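Participant: Could you have a look at this structure, given as structure tokens, before my questions?
The values are calculated or read from the model by the stated rules, or taken from the named source; none is laboratory data. Keep in mind that what you see is a predicted model, and the values were worked out from it rather than measured. For neighbour counting, all protein chains shown are included, and Cβ atoms are generated from backbone atoms with ideal geometry for every residue, glycine included. Remember, those area values only see protein heavy atoms, side chains included, never the ligands or the DNA or RNA. Shrake-Rupley method; radii C 1.70, N 1.55, O 1.52, S 1.80 Å.
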Amino acid sequence: MKKVLLCFLFLFAAAPRLFAQDNDLLLAKQYAANGDPQKAFDIYQKLYKQNNEEYFTVYMSSLIELKKFDEAVTTAKKMVRKHPEEKQYNITLANAYTQQGQVEKANAIYDELIKNLPPDQAQISMLASLFYQNANVDYAIKIFLQGRKLLKNEQVFSYELINLYRYKRDKAALVEEYMNFLPTNPPFINQAENTMSNLFEGPVDYDILKAALLKRIQKDPQQTIYPELLTWQFLQQRQFDMALNQALAMSRRQNDDGANIFELCRTLVSNEAYDAAIRGYEYLVSKGKDNSLYIPAKIELINTKNLRVTSGKYVKEDLISLEKDYIDLLTEFGKNANTVFAMQKLANLQAFKLHKIADAKALLEDAVKIPGVRPVLLASCKLDLGDVSLLDNKPWDATLLYSQVEIDFKNTAVGQDAKYRNAKLAYYTGDFTWAKGQLDVLKAATSQLIANDALNLSLLISDSIVADTSGAPLKIYARADLALFAEQPEKALITLDSIDVKYPSNSLTDDILMAKARLFIQQKNYADAVPLLKKIAEEHSFDLWADDAVFMLGDIYENQLNDKEKAKIYYQKIITDYAGSLYINEARKRFRVLRGDKNEAAS
């Protein structure tokens, strides 16, 4: 009982002193923050005299900040003598020497620590950590490397060294460390790829990786992680054929099912490397019908050929050949739940490219009757069937299909898409009041794209009706818009030109310019599209399509005309002049990439 009472009295007596020290410490930090290091030093010195160990670090920092280097060295030496086993004091002394300009003395202390390093993993890690905390990364690395030798284990400390090399931006050392680390830790390959993509700044850095990988592959041809990383490296440099060649070589060597090739082909398609993707899918098809990827690969092969044809200029024979590929696929596998996706693609090709409305309609009618089709795919086919019915001049059939999907997928993106198509149908057929009511609801859609399209069309209707309550010019414009949707460019162009003839003072000038620009873009005729978009941007800068025109100009200059400087000008214009635009985030991202911002390019 007496002992407990004595302890209580001791704590009670010490409490005011501890509280005072805490207040002093806070006051010193405040002085330092306010730019008065001398007052902060006076407090730290007083605290240090009261408790050497607890306030040693802040006192030393204060000495060095005031350039009291001799005093700092003397203070650190005292602590080294008092605690020879505590290596942090040696490191602090060496740091004081460095600040004093006596680098050789500092390095001598560091080298002595390395020389006397014990073969103990925990102590090695602790000492390296002390170096890192003192901002001495180079010696932290040396400690870990020496520790490997002492422990006779080249795999130990890999993760720590990777982090230090990344911090130092030592790309060559980082690559070599990953080369050692990944074979025994393959799940970390994605982390390695992310780290390198964020750190690497151009072809020179990727060439370091490539050289290291080729060397390792030659040394250890059975290791699969190196070829996998080499494929990724080729992709980063957009060397798509090389990436595929590397992946194909590995697949053939392993005689696998080609799952990696299938995923790579998806990446190639997303990068518009259609020729390389087609080669990959053809390889998978060549593995035979027994391969689990035969049907998906065959479907994607045709889809990729479709993308290659429709992404550039083509002749009708290309479309007919592609149609035959789809028909052959359906003949081989039949019309079933597994081939509905192909049926939908073929129907769209027939309806919008070949204008075989009856064939497309019959095919989609078959598709929606097939049992077991995924609900979202079934809904997509119904929406497409509605579109084809609209082209077939059967608007009531179209609205019935749209309405079915809207009811079945209420409050979802699919349902909102169906609602938007219904509103667009009403607009095409001249029922502007009903169309606007639906569009005003869709302005709050969860899909930003649908919300923006709904807003634009609603404003178009409002502005036109205010200018001409009869809506006559807008009805002609809507017919032209429908012809554009049906990919009937000649009909659309004639209809658009007729508006100014019949109604010279109409309010649709910028709308007509935008419709014509989109028509030319649809035809890959960028030379005629650009002047129209520029006219919108310059003469209608406060009208509905201004930000669309500016962004489209940036996109055309960047991706079609290969004029990056002009693309930057238009992306910058979106950022500065149209801060509320739907395109603001994408424009900002593209501008930074074109400017050469590393992090944006890596993303």
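Participant: Can LEU439 be described as within 33 Å of the chain's Cα centre (by Cα) and at pLDDT 95 or above?
Facilitator: no
Participant: Scan the range 80-91 and give yes if some residue there is at pLDDT 70 or above and either in contact with a Ser or Thr (Cβ under 7 Å, 6 or more places away or on another chain) or on the phi > 0 side of the Ramachandran plot (or both), otherwise no.
Facilitator: No, the range 80-91 contains no residue that is at pLDDT 70 or above and either in contact with a Ser or Thr (Cβ under 7 Å, 6 or more places away or on another chain) or on the phi > 0 side of the Ramachandran plot (or both).
Participant: While we're on this one: When you scan the range 249-277, how many residues do you find that are in a helix (DSSP H, G or I), of a type in the set (Asp, Glu) and free of Cβ contacts under 8 Å to residues at least 24 places away in the same chain?
Facilitator: As a first pass, look at the range 249-277 and keep what is in a helix (DSSP H, G or I): 249-254, 259-270, 274-277.
Then keep just the ones that are of a type in the set (Asp, Glu); that gives 263, 275.
Remaining after also requiring free of Cβ contacts under 8 Å to residues at least 24 places away in the same chain: 263.
Of the residues in that region, 1 qualify.
Participant: Can you give me the number of residues within the range 253-274 that are over 24 Å from the mean Cα position of the chain (by Cα) and of a type outside the set (Gly, Ala, Ser)?
Facilitator: Going through the range 253-274 one residue at a time, the tally reaches 5.
Participant: Another question, then. Between a first residue in the range 548-564 that is farther than 10 Å from ALA537 by Cα and a second residue that is modelled with pLDDT under 90 and aliphatic (A, V, I, L, M), which pairs have beta carbons less than 8 Å apart while being 6 or more apart in sequence or on different chains?
Facilitator: Listed pairs, sorted by first residue: MET552/ILE521; ILE556/ILE521; GLU558/LEU594; LYS564/LEU594.
Participant: So in the range 427-461, with the set limited to residues that are open to solvent by 70 Å² or more (accessible area, probe 1.4 Å) and part of a loop (DSSP other than H, G, I, E, B), which one is nearest to PRO395 (Cα to Cα)?
Facilitator: Only one residue tops the list, namely THR429.
Participant: Related question: Taking the condition modelled with pLDDT of 95 or more, among the basic types (Lys, Arg) and either assigned to a helix (DSSP H, G or I) or within 34 Å of the chain's Cα centre (by Cα) (or both), does LYS424 pass?
Facilitator: Considered against the rule, which asks whether it is modelled with pLDDT of 95 or more, among the basic types (Lys, Arg) and either assigned to a helix (DSSP H, G or I) or within 34 Å of the chain's Cα centre (by Cα) (or both), LYS424 comes out as yes.
Participant: Continuing with the same structure: Among ALA106, ALA94, ALA128, which is the only one that is within 20 Å of TYR165 (Cβ to Cβ) and open to solvent by less than 40 Å² (accessible area, probe 1.4 Å)?
Facilitator: ALA128
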